[in-house]
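K.L.:
I have a structure here, written as structure tokens, and I will follow up with some questions on it.
The values are calculated or read from the model by the stated rules, or taken from the named source; none is laboratory data. These figures come from a predicted structure and were not determined experimentally. Methodologically, a virtual Cβ is constructed for each residue, glycine included, from the backbone with ideal geometry; neighbour enumeration extends over all protein chains shown. The protein model used for the area step is the full one, side chains on, heavy atoms only, and it has no ligands, DNA or RNA in it. Shrake-Rupley method; radii C 1.70, N 1.55, O 1.52, S 1.80 Å.
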Number of protein chains: 2
Amino acid sequence: MKPITFVLAAIGAVAGMAAASGQADRETAPIYEIKIPPGYRDWQLISVNHLAGGALKQLRAQLGNDIAIKAFREGRLPFPDGTIIAALHWNEASSDENNKILAIGFPGAGLQSFVAGPAENIQFMVKDSKKYFGTGGWGFADFKDGKSASEAVHKTCFPCHEPAKDRDYVFTRYAR
Amino acid sequence: MKPITFVLAAIGAVAGMAAASGQADRETAPIYEIKIPPGYRDWQLISVNHLAGGALKQLRAQLGNDIAIKAFREGRLPFPDGTIIAALHWNEASSDENNKILAIGFPGAGLQSFVAGPAENIQFMVKDSKKYFGTGGWGFADFKDGKSASEAVHKTCFPCHEPAKDRDYVFTRYAR
């Protein structure tokens, strides 16, 4: 899935595209028929990253279910069926309360703290080599506030992940 | 603990201070007598953040043991005895492989991806209201490559956390 499909959402295209595609059940992602996996917020951490450009600043964390975590730690490729990767994306917020303390502790250093603000979206990659044979064995899903993005958004996922074919279409690397 | 005690380490002061304080066992943090908790990397995610200033750029994740996670989710203050918070600090690295894909998918947007590079240090806060009565009930520990920072570094932890007294000395908030 495109790491920045929220850009499409941000320009207000989602509602229109969803209507055009005739989606009825917005709790299920189109094309791949994926619902939000229960308990994903409890999964273990794969890594963190940070995306910036223009006004856009996001803090991100990737979590994995047990199958995903085991595969990442063992460096196993391709990922086995049953792997699920969750990508949590928050809008980055400047932390005034942290910055005040940094300024006292390290005067003149200009240290700035940025923390996870409001959630932007959550994305999932689900490995099922038979069901998702046509997209590298992966299904993709994008949710905001519990509701799925449109079919048009989901059509952008696999093309963007294709360049990472030699890593089984997964960008994230395990952070040690 | 000061979120940026690594600044002291970075200027090469650690080795000298450790020698001066006569530390023998560098696997145990001085003052608070804390070892790295087994299995901490498997703990659940509290939040992520990002620290920047001058040449310094870090991506950070806070993980919690079961007691910590339960308290964060319930908004319980003060944190109960047995709470352990782990703060994993990585040096931020620009991701050329991600940036190439972003440039293709979003030409002209100037999007930049930063990922977790080499680990800088790991810090722990351990709640034991009796043992650590004199420091708000918290013990603090700072490790790099499995070895503890010096006593001098550890003396900076509590003074920096004191301004967060109304949140039981914890800066991090749970990211939903």
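K.L.:
Please report, in cubic angstrom per residue, the volume enclosed by the convex hull of the alpha-carbon atoms of the protein assembly as shown.
P.N.:
Per-residue hull volume (Cα only) is 139 Å³.
K.L.:
What ranking of B:Thr172, A:Thr83 comes out by heavy-atom accessible area, probe 1.4 Å, highest first? Numbers along the way, then the final one.
P.N.:
On the way: B:Thr172 35, A:Thr83 0 Å².
Largest accessible area first, the residues go B:Thr172, A:Thr83.
K.L.:
Mind checking which of B:Tyr132, B:Gly64, B:Leu111 is farthest towards the positive end of the range B:43-156's charge dipole, using Cβ charges of +1 (Lys, Arg) and -1 (Asp, Glu) about the Cα centre?
P.N.:
Going by the Cα projections, it comes out as B:Tyr132.
K.L.:
For chain B, set up a Gaussian network in which alpha carbons nearer than 10 Å are linked by springs, and say which option among B:Gly64, B:Gly53, B:Gly146 fluctuates the most.
P.N.:
B:Gly53
K.L.:
Same structure, new question: Take the Cβ-Cβ distance between A:Ile67 and B:Glu151 as r, set R0 to 35 Å, and report the resulting FRET efficiency rounded to the nearest 0.05. Intermediate values should be presented prior to the final figure.
P.N.:
Numbers: r = 43 Å, r/R0 = 1.23.
So the FRET efficiency works out to roughly 0.20.
K.L.:
With just the Cα atoms defining each centre, how far is the range B:94-144 from the range B:43-78? Give it in Å.
P.N.:
Taking the Cα centre of each part, the range B:94-144 and the range B:43-78 sit 9 Å apart.
K.L.:
Go ahead and estimate [θ] at 222 nm for chain A from helices alone: -39,500 (n - 2.57) per DSSP H run with n ≥ 4, summed, over the residue count, rounded to 500.
P.N.:
-5500 deg cm²/dmol
K.L.:
Provide the per-residue ³J(HN,Hα) series for the range A:116-124, in order, calculated from phi with Karplus coefficients 6.51, -1.76, 1.60 and θ = phi - 60°, each as a whole number of Hz, with x at glycine and proline positions.
P.N.:
So the J values, rounded to whole Hz, are 6, x, x, 5, 8, 6, 10, 10, 10.
K.L.:
Placing unit charges on C-beta atoms (Lys and Arg positive, Asp and Glu negative, everything else neutral), compute the dipole magnitude of the protein assembly as shown about its Cα centre in debye, rounded to 20.
P.N.:
On the way: 40 positive and 36 negative charges, 3 e Å.
Using Cβ point charges on Lys, Arg, Asp and Glu, the protein assembly as shown gives about 20 debye.
K.L.:
Principal axis lengths of the range B:89-161 from Cα atoms, whole Å, largest first?
P.N.:
In descending order, the Cα extents are 57, 22, 17 Å.
K.L.:
Using 5 Å bins from zero, what percent of all Cα-Cα pairs in the range B:119-171 falls into each bin?
P.N.:
For the range B:119-171, the binned pair fractions read 5, 20, 28, 25, 15, 6, 1 percent.
K.L.:
Right, something else. As a test question: what accessible area, to the nearest 10 Å², does B:Trp138 have when a 1.4 Å probe is rolled over all protein chains in place?
P.N.:
About 0 Å², ignoring ligands and nucleic acids.
K.L.:
Treating the point 7 Å from Cα along Cα-beta-carbon as the label, what are the nm separations from A:Ser129 to the other copies, to one decimal?
P.N.:
So the distances to the same position in the other copies read 5.4 nm.
K.L.:
Using the Kirkwood radius over Cα pairs, work out the Stokes-Einstein diffusion coefficient for chain B at 4 °C and 1.567 mPa s, in µm²/s as a whole number.
P.N.:
Working: Rh = 17.3 Å.
Once the numbers are plugged in, D ends up at 75 µm²/s.
K.L.:
Here's something else I'd like to know. With a cut-off of 8 Å between alpha carbons and a minimum separation of six or more residues, what is the relative contact order of chain A in percent? Present the calculation step by step, with values, prior to reporting the outcome.
P.N.:
Details: 321 pairs, mean separation 51.2, N = 176.
It rounds to 29 percent for chain A.
K.L.:
Using unit Cβ charges (K, R positive; D, E negative) and no other charged atoms, how large, in debye to the nearest 20, is the dipole of the range A:36-176 about its Cα centre? Present the calculation step by step, with values, prior to reporting the outcome.
P.N.:
Details: 17 positive and 15 negative charges, 61 e Å.
Roughly 300 debye, rounded to the nearest 20.
K.L.:
What are the label-to-label distances in nm, one decimal and shortest first, from B:Pro163 to the same spot in the other copies, with labels 7 Å along Cα to Cβ?
P.N.:
So the label point of B:Pro163 gives 4.1 nm to the other copies.
K.L.:
Can you pull the three principal axis extents for the Cα set of the range A:40-116, in Å, largest first?
P.N.:
That gives 50, 27, 21 Å along the principal axes, largest extent first.
K.L.:
Still on this model: Amide H to amide H under 5 Å from A:Ala29: which residues, 5+ apart in sequence or cross-chain, H placed 1.01 Å off N in plane?
P.N.:
For A:Ala29, whose amide H was placed from the backbone, the distant partners under 5 Å are A:Ile34, A:Lys35.
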